[in-house]
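Working notes for the structure below.
Bear in mind these aren't lab numbers, they're just calculated from the coordinates by the rules spelled out. Worth saying up front: this structure is predicted, and the values here are computed from it rather than measured. For neighbour counting, all protein chains shown are included, and Cβ atoms are generated from backbone atoms with ideal geometry for every residue, glycine included.
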Amino acid sequence: MDQASPQFELVAQSPGHPNGTDYDVVSYFPWTLEDYQSFSECRNMDWSNPNVVGMWHGVVKKWIGVAAVCGRNNRQSVIRFVRTSPRNPLQLLHQAEIVTGPTEAVGIRCICWSFDPKTFAPLVVLGGMSGNIIVYSPETRSIFSVLRGHGGRITSLNSHPRNPHIIASTSRDKTARLWCLDLPAEMKISSTDPEANRLGPMFGSPLTGGEKEGLGPGRCFAVTIGGHSDGHNATVLHASFHPEVNILATSGVDHCIKMWSFDLPPPPTAPEAVLVNLVRPIFSTKFLHHAMVSCIHWLSPSLLVSQSAQSQTAEQEPFPAKLVVWKWLAYQTYKNVVTSGYEYVKDSLNATDSRKK
């Protein structure tokens, strides 16, 4: 029997770095020429203006096919930008070494792309061992901003599908945080829960004692409260934005999957913003997986896929790693409430009362 022909062919391989860099994560520029049509919520963008659309097309043509490759060496974190194309499978555009934190916290373990909503200039958001989030500009080859607030290692980063300047981060501190990259660093931030201010990052506390929240643009505007009866009780491993409405799905070491509803932040011109503590999810389950849920993604407005690792304890047989595709049955009801507001709720209650009669 003839051996089956391979489905893939290795066409290029990155040369090694002289300082012994280990690469951990890679992410391609994610947008196409027509993706601007999904950015209708982006602030101050008149997509009916051909000049604005032309500016977007210019950015995409320059960066499409470019991958950001991140790793670490003995001294600091490293990021490479490479272009892949049929003619030149691996073209190194540039490389930068980035200080992400103390020497013992070197390493970039998660990455996502964003952009400056004023210019569409691409931004690469980096997170890792230090707990700091670094926003790097490949256009200027410099740090755009540094975001601080998490109390532990960053485990995932994702950008909002309709507002890519909004970022979700998850962490070992049992929280997920939502950041807006166009809020000025000097904007005053107040918390919705004064008690949380005394309890640390796990409970949505802003930094205290004169500590800076970061450098450059970008502020945190919402935190899912960890360690709470309704929040994650262990490391949050992954988060995913809903494709149509403002819902964030999270998964974690506690075997749980949760969904959180949130509001968009105020405009950059507002005098202040509120750091909202998201205390109660709109959905929560721990019955889909018997081990830590390492990632979750939306496949459609009501369909999700989640993955768990193998679980093994001394007292029981191991549970194998599992990939689950499942449906959120309450999505249409939630959407009706969001779009129709209290009128929908009132009609539903009236219908319930009439059935009781």
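Modelled spin-label separation between Glu97 and Glu34, with each label point placed 7 Å from Cα along the Cα-to-Cβ direction: 4.5 nm. For Arg109, nonlocal amide neighbours, meaning residues 5 or more places apart or on other chains whose placed amide H falls under 5 Å from its own, are Gly127, Gly128, Met129.
With viscosity set to 0.890 mPa s and temperature to 25 °C, compute the Stokes-Einstein D of the range 53-183, Rh being the Kirkwood radius across alpha carbon pairs; µm²/s, no decimals. In µm²/s, the coefficient rounds to 161.
Each residue of the range 58-64 is assigned a 3J(HN,Hα), and the resulting list reads x, 5, 5, 4, 6, 10, 5 Hz, derived from the Karplus form 6.51 cos²θ - 1.76 cosθ + 1.60 (θ = phi - 60°), x at Gly and Pro. Most tightly packed first, judged by the mean number of other beta-carbon atoms within 10 Å of their residues, the peptides 114-120, 153-159 read 153-159, 114-120.
Amide H contacts under 5 Å for Asp230: none, restricted to partners 5 or more places along the chain or on a different chain, H placed in the peptide plane at 1.01 Å from N. Using a cut-off of 25 Å between Cα atoms, the listed pairs Lys118/Lys258; Lys286/Lys327; Lys62/Lys188; Lys118/Lys188; Lys258/Lys327 include Lys118/Lys258; Lys62/Lys188 as exceeding that distance. Highest mean packing comes first when the peptides 272-284, 175-187, 125-137, 45-57 are listed by Cβ atoms within 10 Å, giving 125-137, 175-187, 272-284, 45-57. Close amide H pairs (under 5 Å, H built 1.01 Å from N) link Gly65 with Phe29, residues at least 5 positions away or on another chain. Full extension of the segment from Asn233 to Val26, taken as 0.36 nm per residue of separation minus the current Cα-Cα distance, would add 71.6 nm.
Given a Förster distance of 45 Å, report the FRET efficiency between His290 and Glu186 from their Cβ-Cβ distance, rounded to the nearest 0.05. Calculated value: 0.45.
Nearest 0.05, what FRET efficiency do Lys61 and Arg87 give at R0 = 25 Å with Cβ-Cβ as r?
Once the sixth-power term is evaluated, E becomes 0.95.
When you count the other C-beta atoms within 10 angstrom of each residue and take the mean per peptide, 162-171, 299-308 line up highest first as 162-171, 299-308.
A full extension of the chain between Asn73 and Asp263 corresponds to an added length of 64.4 nm, given 0.36 nm per residue minus the alpha carbon distance.
Between Val325 and Thr140, the FRET efficiency from the beta-carbon distance, with R0 = 45 Å, is close to 0.60.
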